[in-house]
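**Q** Following this message is one structure expressed as structure tokens.
The values are calculated or read from the model by the stated rules, or taken from the named source; none is laboratory data. As the structure is a prediction and not an experimental result, all values here were calculated from the model. Every residue, glycine among them, receives a Cβ derived from its backbone with ideal geometry; neighbour counts consider all protein chains shown. These area figures cover heavy atoms from the full protein model, side chains too; ligands, DNA and RNA do not enter into them. Shrake-Rupley method; radii C 1.70, N 1.55, O 1.52, S 1.80 Å.
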Amino acid sequence: MSPLTAARMGRPLRLFEPDVPYFITNRTMQGRYLLRPSAETNNIVGAALARAATAHGVKIYAYVVTSNHLHLIISGPKGSISNFMRDFKSWSAKKVGGLINWPGSFWHRRFSAEPIVDNAALRGRYAYIIQHGVKECLVDEPEPWPGLHCAQQLRDGVRGGRGRGGADRRGEHREAIVAVVLSPRDLDPERLGK
């Protein structure tokens, strides 16, 4: 295939299996620190996650938002993951971009989505998400991370979002996250294998 032909081709289609958990990664434009943790940013991102998850029937099992990227473990019905990410990225970019006065593209390229095929992979992805901030030596343990994350709720088995700053002005973020965030034991062990 010539370079000219390759340049004209669209992106490859992604087919997501319904109700299979996926490990999602998405970076900000050029890896810039556009998601620096603050009460406002946490609330906007949490509300955008909850709103998109509710709109598309996506289940969020784990998440962490760092200064320049985020990781999620999610599953959803057929066709929902791409729509979820489209809406989440659009809503969060508009709101956080406006908050920090960022005029250009907010998210860098497409999101990465890897299927989680067994329990060992699931445990590895949960550990990776929970240890964010610790492995970079930014905090000594997960809970003090000032960004939006699920470490405390996974440890305590509590449903609901965690991040410094609480709910947004209307209180929507907490209630919506509580409705869509599930614990690891909510994943179907039969689908994940032994």
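**Q** Evaluate the following for Arg164: is it part of a loop (DSSP other than H, G, I, E, B), out of contact with any Lys or Arg (no Cβ under 9 Å at 6 or more places or on another chain), open to solvent by 50 Å² or more (accessible area, probe 1.4 Å) and modelled with pLDDT under 65?
**A** Details: part of a loop (DSSP other than H, G, I, E, B): yes; out of contact with any Lys or Arg (no Cβ under 9 Å at 6 or more places or on another chain): yes; open to solvent by 50 Å² or more (accessible area, probe 1.4 Å): yes; modelled with pLDDT under 65: yes.
Yes.
**Q** Could you check how many residues of region 38-84 are outside any helix (DSSP H, G or I), of a type outside the set (D, E, K, R) and under 15 Å from Phe23 (Cα atoms)? Spell out how you get there, then give the answer.
**A** Filtering region 38-84 down to residues outside any helix (DSSP H, G or I) leaves 38, 57-79.
Those still in the list that are of a type outside the set (D, E, K, R) too: 38, 57-58, 60-77, 79.
Then drop every residue that is not under 15 Å from Phe23 (Cα atoms), which leaves 58, 60-65, 69-76.
Number of matching residues: 15.
**Q** Restricting to region 85-118, name every residue that is open to solvent by 40 Å² or more (accessible area, probe 1.4 Å), among the polar types (S, T, N, Q) and in a helix (DSSP H, G or I).
**A** Ser90
**Q** Only one of (1) in contact (Cβ under 8 Å) with a residue 24 or more places away in the chain; (2) open to solvent by 60 Å² or more (accessible area, probe 1.4 Å); (3) on the phi < 0 side of the Ramachandran plot fails for Ile81. Which number is that?
**A** (2)
**Q** Shifting gears a bit: Assuming Asp19 fulfils every condition listed in (1) open to solvent by 30 Å² or more (accessible area, probe 1.4 Å); (2) under 23 Å from Trp145 (Cβ atoms); (3) not in a helix (DSSP H, G or I) apart from one, which condition is it?
**A** The number of the failed condition is (2).
**Q** Would you please name the residue that is surrounded by the most Cβ atoms within 10 Å (Cβ to Cβ), looking only at residues in region 119-143 that are assigned to a loop (DSSP other than H, G, I, E, B) and among the β-branched types (Val, Ile, Thr)? Lay out the reasoning, then the answer.
**A** So the first thing to find is which residues in region 119-143 are assigned to a loop (DSSP other than H, G, I, E, B), and the list is 131-143.
Restricting the remaining residues to those that are among the β-branched types (Val, Ile, Thr) gives 134, 139.
Numbers: Val134: 16, Val139: 13.
Per the stated criteria, the residue is Val134.
**Q** To continue, here is another question. Conditions: (1) touching a Cys at 6+ places or on another chain (Cβ under 9 Å); (2) modelled with pLDDT of 90 or more. Ile116 meets all but one. Number of the miss?
**A** (1)
**Q** Being in contact (Cβ under 8 Å) with a residue 60 or more places away in the chain, touching a Ser or Thr at 6+ places or on another chain (Cβ under 9 Å) and farther than 20 Å from Pro142 by Cα is the requirement here; does Thr54 meet it?
**A** In short, no.
**Q** Same structure, new question: (1) farther than 26 Å from Leu15 by Cα; (2) open to solvent by 20 Å² or more (accessible area, probe 1.4 Å): which one isn't true of Gly57, the others all being true?
**A** For Gly57, the failing item is (1).
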